[in-house]
Amino acid sequence: MGGFFGITSKQDCTHNLFYGTDYHSHLGTMRGGLATLGGNDFIRHIHDITNAQFKSKFETDIVQMRGRSGIGVISDYEDQPLLIGSHLGTYAIVTVGVIKNLKELTRSAFQKRTIHFSEMSGGEINPTELVATLINEAPDFKQGIQNVFNKIEGSCSMLLLTKDGVYAARDKLGRTPVIIGKNDTAYAASSETCAFPNLDYKIEKYLGPGEVIFMTAEGIEQIIPPGDRLQICSFLWVYYGYPSSHYEQINVEYVRNRCGQALARNDNVSADIVAGIPDSGTGHGIGYAYEAKLPYKRPFIKYTPTWPRSFMPQNQNYRDLIARMKLIPIREIICGKRIVFCEDSIVRGTQLKDLIKRLYDYGAEEVHMRPACPPLVYGCKFLNFSRSRSDLDLAARQAIQEIEGDGNKNLDIYSKAGTEQYRSMVDRICKRLHLTSLQYQKLDDLIWAIGLPKEKLCTYCWDGVE
């Protein structure tokens, strides 16, 4: 999905920028980048972080970087930050989100016969450069950001580093968060509040949907007020977010514990232990164990020193290999046990199937899977949630394909818990994964766990409601 961090400071900000950006490493998959501004000089570095930690790639760069303001990003795939020269002046830009109408906007730009794109990768337009192009169509940054919000389909939050300060803009419907922090010498804008405590920042403000602020070392100024409609991604709490982060003042780990409690309240399975698939399933598992009054154990230990996140490589076989290598089983905890396993979600189920087989290979008697969210029936239209090339890669859609002969048929019925079609879909997924039982979270219980009204949450991937 990606995440960003920006600073305006009364003193050199390079090290804070480096560490603040590094705290977003759990969000990105392929690229990391930093840009600082010292006087009138921009300094920028971008590295491939597909198979290496962000900090290992930038430790030597930051020695040469200087400036009292800067922006950093952990990106899905495109090179960022970009340095842009325009009638608005020179500025650096980072974005988080996805542009679904990228091709249409590109064609529209080419029709003006004065536009070209230079940040090409694999023959594709860099989405961040397109955002910059839309900004440059306007007479000032405020109207430029509004132009982006009005024209893109998908979502886009951004930071702009200019000679005067940093613009921080949250997506029009607030699908991704932007939070402002403050310490004695600086202000910072971050996708994740977990970047703040160890750098001595305190939360100053949660930006609202579509809100834009201008940030200097002296303070923040609202440029565009927040809109009325909020559609923050619910999956931030379920999976993407770091446990110590807060969105809309609601902590991620707190929500995951409540998700697990809700799963346990709706369950009557007999089991010996509860476990969570590390790392994102851990909080859900702890909540389940607490509510069910069962011991929480760790049948798999995650080996973190060398293996990167499992979904990072493009190649599915390599992703599966990394997922396997990261999790080391403990026979004494598995053998002879009836295990309830809590997971954040079931997307394709490819890696999960192998994990379940390994549990049986190590002597598990029963394996009961309890995902913390409902079945993913619809592919996300608003964020880079999954690397799947098609919605039909989703485990739920594969089950519908087997039942109906058409994976796009009757999705509204299959996504409603309690219907015959829903039960048949879940049963197919359960059998394909060789589980003893499979029971998903109910959408109402997930909404309860988060604690926001449904109308303020994006639940599209579960119920298709935009």
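A short reminder: the numbers here are calculations on the coordinates, not readings from a lab. The shown structure was predicted, so the numbers you read here are calculated from the model rather than taken from an experiment. Neighbour counts run over all protein chains shown; Cβ positions are idealised from the backbone, glycine included.
Overview of values
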read-out: Cut-off under 5 Å, modelled amide H: who pairs with residue 38 long-range; value: 43
read-out: Aspartates and glutamates whose Cα lies under 13 Å from that of residue 205, excluding same-chain neighbours fewer than 8 positions away; value: 192, 221, 248
read-out: Trypsin sites (Lys or Arg not before Pro) lying in DSSP loop within region 186-288, provided at most 15 other Cβ fall within 10 Å; value: 229
read-out: Distance between region 240-254 and region 353-405 - C-alpha centres, whole angstrom; value: 24
read-out: Between helix 141-151 and the chain: long-axis angle, C-alpha atoms, 0 to 90°, nearest 10; value: 40
read-out: Unsatisfied cross-links (Cα-Cα over 26 Å) in the set 297/353; 381/456; 202/302; 182/381; value: 202/302; 182/381
read-out: Full-stretch length increase - residue 64, residue 406 - with 0.36 nm per residue and alpha-carbon distance subtracted; value: 117.4 nm
read-out: Overall dimensions of region 253-463 as given by Cα atoms, namely Rg and Dmax in Å; value: 16.5, 46
read-out: Two-site FRET efficiency, residue 218 against residue 142, from Cβ-Cβ distance with R₀ of 25 Å, rounded to 0.05; value: 0.80
read-out: Estimated FRET transfer efficiency when R0 is 45 angstrom, pair residue 335-residue 124 (beta carbons, to 0.05); value: 0.35
read-out: Virtual paramagnetic centre 7 Å along Cα→Cβ of residue 442, amide N under 18 Å, in region 354-383; value: 370-376
read-out: Stretchable slack from residue 47 to residue 419, in nm (0.36 nm times residue separation minus alpha-carbon distance); value: 129.1 nm
read-out: Pairwise centroid distance, computed over Cα atoms, of region 130-203 with region 437-457, Å; value: 29
read-out: 155, 234, 437, 118 arranged by Cβ crowding within 10 Å, fewest neighbours leading; value: 118, 437, 234, 155
read-out: Computed [θ] at 222 nm, helices only, for the chain once each DSSP H run of length n ≥ 4 contributes -39500 (n - 2.57); value: -8500 deg cm²/dmol
read-out: Sorted largest first, extent of region 3-230 alpha carbons per principal axis (Å); value: 47, 39, 32
read-out: Local electrostatic count, residue 30, Cβ distance below 10 Å [Lys/Arg +1, Asp/Glu -1]; value: -3
read-out: Where labels lie 7 Å past Cα in the beta-carbon direction, separation of residue 57 and residue 303 in nm; value: 2.4
read-out: Label-point gap, in nm, between residue 392 and residue 202 - each point 7 angstrom along Cα→Cβ; value: 5.6
read-out: Rounded to 10°, Cα long-axis angle of helix 350-361 versus longest principal axis of the chain; value: 40
read-out: C-alpha long axis of helix 127-136 to longest principal axis of the chain, angle in °; value: 40
